[in-house]
Amino acid sequence: MGEAQDVSSVPTDVVLCGTFTQVPDDGNAMSLLLSRTQLIIQSLSAATAAASSGSPHTSFQLSDCINGRAFRGKDPKDIGGYFKVVFYPVRGILGAAAYRQRISRTFRMEASRDREQNLNLARTWAQKICQLSDEQGPPRLLPSPARFLVLLNPRGGTGKAFTLFETHVMPMLTEVNAHLTLLVTERPNQARELMREQDLSSWDAVVVMSGDGLLFEVINGLMERADWAKAIKKPLAVLPGGSGNALAASINHYSGHQQVTGTKLLTNCAFITCKGHPVPLDIVSLTTASKQRIFSFLSLAWGFISDVDIESEKYRFMGYARFSVGTFVRLTALRTYRGRLSYLPASSSSEGKTTTSSDSNSALLDTLGPPALEDPLLVPLDKPVPSHWHTVEDQFVLILALYQSHLGAEHFTAPMVKGPGEGNVHLFYATSRISRTSLIKLFMAMEKGTHLDQEIPHLTHVPVEAFRIEPAESTGIMTVDGEVIACCPVQGQIHRGLGNVLSMGQGI
């Protein structure tokens, strides 16, 4: 995916070849070869030396290209034709994690004395590069150019989301000619109301730039619509603009990128928004003792993790470092919570897993609206769980139900998850017998996803399809996707691939 790859021989699938000069003009002619997967560049003045010494050509992978366009020179007397290509290859320096970085190249051709012919030739190159770029990987499925509704929370994280959008995201979206409708949220639940009431047909995808909280609003707003079964299929894209950014980090991982944070993660996710394709997104349906229905794309937590998440809000100005500070503070005064945890272990095959489709009997659904989403694996909360479920009654330090690979940008909590639609809930729980040393070891190893390879007594991980948490008392903090809910009995089951999210991974 990077620049300056060695090419030992001319590729056999050359589509175009020609001679250009690079702009700014350095006086050297350039030989360009366009194959079906890469653009290869070599200075003709160095061609003889390259042939004898084996010096590499410079090449760019077309899968990294987001734009190519042709244009005339500014000088009316200039008869040359120009084209510019923009790539975002993955590059790293001195062992640092690699991430996508912008590289543009501009070329001038003067094949004849006819200005229009030169422009048409440059246009042929630009159009062919864009066409071949679009053919790399799975079909993108979104129209080109795409129409995006961008929801941005300016108060997320350190409060710099709008500036980051302008400097790192907007230029890339402009280069792919995307049509944008930008809405800067001003209050809680504004995005939820918009998704519940708005006609979504004007947009091809909804882009969310915030932490995980704004996406939580979006998904629950979609699920509250009369046409929820159709609306929840609207592709979503995530741009990290908050503190946690767990789904953004997960999508970054599924798309084959290394784990990065900050503007590096933002650039990767912006590229995924521009070049990604919709893949299935698991959603967990939760029901509380107060009959509240909640839809979750990331996690449910009770105990240590949710305590740290919410109590560290006072350190929000520190960005992601707030979680490290909050972890240290909470370890000094470790809390435990008595309760009962029940779960249905995941089956060994995908057969029987819950899937939801909105395609059947579409005419009837359009007329009457789909019925409410059912949870066939669950029984009412006031009834005992089925006898084939497993139950643990203990004093817990933490319970975490997670359905994506990352719990935060630097918390690679479920490395076994390879895509957003695998259909499993990964249940982690630690009892009061776990030591502070083990907890420190757990969270340090979690940064690289190696915690499950280590021996951590009294920590359990089990993949499940459904679960129930019953606190003995209404104490402690309980969160869904980082949002606080009442601490009370709650149960949920996963609905495999109910939603859609843009990714560059294959999905499931």
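The values are calculated or read from the model by the stated rules, or taken from the named source; none is laboratory data. Bear in mind the structure is a predicted one, so any value in this text is a computation, not a measurement. Virtual Cβ from ideal backbone geometry, glycine too; neighbours counted across all protein chains shown. With ligands, DNA and RNA removed, areas are computed over all heavy atoms of the protein, side chains included. Shrake-Rupley method; radii C 1.70, N 1.55, O 1.52, S 1.80 Å.
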Exercise. Any chance you could count how many residues in the range 137-166 are open to solvent by 50 Å² or more (accessible area, probe 1.4 Å), within 14 Å of H277 (Cα to Cα) and of a type outside the set (D, E, K, R)?
Key: 6
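Are any of the residues in the range 217-224 in a helix (DSSP H, G or I) and open to solvent by 10 Å² or more (accessible area, probe 1.4 Å)? If you could, list the steps in order and put the result at the bottom.
The first filter runs over the range 217-224 and keeps only residues in a helix (DSSP H, G or I), leaving 217-223.
Filter once more, so that each one left must be open to solvent by 10 Å² or more (accessible area, probe 1.4 Å): 217, 223.
Yes, the range 217-224 has at least one match.
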Practice problem: Among the numbered conditions (1) open to solvent by 20 Å² or more (accessible area, probe 1.4 Å); (2) on the phi < 0 side of the Ramachandran plot, tell me where L502 comes up short. | Solution: (1)
Exercise. Consider only pairs whose beta carbons are under 7 Å apart and that are at least six residues apart or on different chains; among these, list those whose first residue lies in the range 369-386 and is on the phi < 0 side of the Ramachandran plot and whose second residue is small (G, A, S) and surrounded by 17 or more Cβ atoms within 10 Å (Cβ to Cβ).
Key: P370/A229; L373/S285; D375/S285; L377/A466; L378/A466; V385/S342
Quiz item: Does at least one position in the range 445-453 carry a residue that is open to solvent by less than 10 Å² (accessible area, probe 1.4 Å), under 22 Å from the mean Cα position of the chain (by Cα) and of a type in the set (D, E)?
Solution: no
Quiz item: Any residue in the range 468-479 that is open to solvent by less than 10 Å² (accessible area, probe 1.4 Å), basic (K, R) and more than 19 Å from S324 (Cβ to Cβ)?
Solution: yes
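Can you tell me which residues in the range 391-406 are within 19 Å of V284 (Cα to Cα) and either part of a strand (DSSP E or B) or at pLDDT below 95 (or both)? So that I can check it myself, show each step before the final result.
The first filter runs over the range 391-406 and keeps only residues within 19 Å of V284 (Cα to Cα), leaving 399-406.
Passing the criteria: I399, L400, A401, L402.
Looking for something open to solvent by less than 10 Å² (accessible area, probe 1.4 Å), part of a loop (DSSP other than H, G, I, E, B) and not hydrophobic (A, V, I, L, M, F, W, C) - is there at least one such residue anywhere in the range 78-96?
In the first step, residues of the range 78-96 are kept if they are open to solvent by less than 10 Å² (accessible area, probe 1.4 Å); the result is 80-81, 83, 85-87, 89.
Checking which are part of a loop (DSSP other than H, G, I, E, B) leaves us with 80, 89.
Subsequent filtering for residues that are not hydrophobic (A, V, I, L, M, F, W, C) retains 80, 89.
Yes, the range 78-96 has at least one match.
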Exercise. Output the number of residues of the range 225-267 satisfying the condition of being within 9 Å of the chain's Cα centre (by Cα) and in a helix (DSSP H, G or I).
Key: 9
Exercise. Output the number of the condition that R340 fails; it satisfies all remaining conditions of (1) within 33 Å of the chain's Cα centre (by Cα); (2) over 26 Å from I232 (Cα atoms); (3) modelled with pLDDT of 95 or more.
Key: (1)
Quiz item: Considering the range 126-158 alone, what residues qualify as being in contact with a strand residue (DSSP E or B) (Cβ under 6 Å, 6 or more places away or on another chain), more than 15 Å from L502 (Cβ to Cβ) and among the β-branched types (V, I, T)?
Solution: I129
Practice problem: Please find, within the range 4-63, the residue that is modelled with the lowest pLDDT out of those that are β-branched (V, I, T) and in contact with a His (Cβ under 6 Å, 6 or more places away or on another chain). | Solution: V7
Quiz prompt | Candidates A246, A289, A301, filtered to the one that is hydrophobic (A, V, I, L, M, F, W, C), open to solvent by 10 Å² or more (accessible area, probe 1.4 Å) and in contact (Cβ under 8 Å) with a residue 24 or more places away in the chain | solution = A289
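Please work out if S112 is open to solvent by 60 Å² or more (accessible area, probe 1.4 Å), of a type in the set (G, A, S) and free of Cβ contacts under 8 Å to residues at least 40 places away in the same chain. Full working, then the answer.
Values: open to solvent by 60 Å² or more (accessible area, probe 1.4 Å): no; of a type in the set (G, A, S): yes; free of Cβ contacts under 8 Å to residues at least 40 places away in the same chain: yes.
The answer is no for S112.
Among residues belonging to the range 388-436 that are among the hydroxyl-bearing types (S, T, Y) and over 18 Å from Q259 (Cβ atoms), point out the one that is most open to solvent (accessible area, probe 1.4 Å). Reasoning before the result, please.
Here is the first cut: in the range 388-436, the residues among the hydroxyl-bearing types (S, T, Y) are 391, 403, 405, 413, 429, 431-432, 435.
The next check asks that each one be over 18 Å from Q259 (Cβ atoms); those that pass are 391, 403, 429, 431-432, 435.
Details: T391: 77, Y403: 3, Y429: 21, T431: 10, S432: 51, S435: 50 Å².
Selected residue: T391.
Being hydrophobic (A, V, I, L, M, F, W, C) and either open to solvent by 70 Å² or more (accessible area, probe 1.4 Å) or over 28 Å from V15 (Cα atoms) (or both) narrows it down to one residue among V176, V207; which is it? Can you show your working first?
On the way: V176 fails: either open to solvent by 70 Å² or more (accessible area, probe 1.4 Å) or over 28 Å from V15 (Cα atoms) (or both).
Exactly one residue qualifies, and that residue is V207.
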Practice problem: Find all pairs meeting these conditions: Cβ atoms under 7 angstrom apart; at least six residues apart or on different chains; first residue within the range 444-455 and under 20 Å from L331 (Cβ atoms) and among the aliphatic types (A, V, I, L, M); second residue outside any helix (DSSP H, G or I) and open to solvent by 50 Å² or more (accessible area, probe 1.4 Å). | Solution: A445/Q454
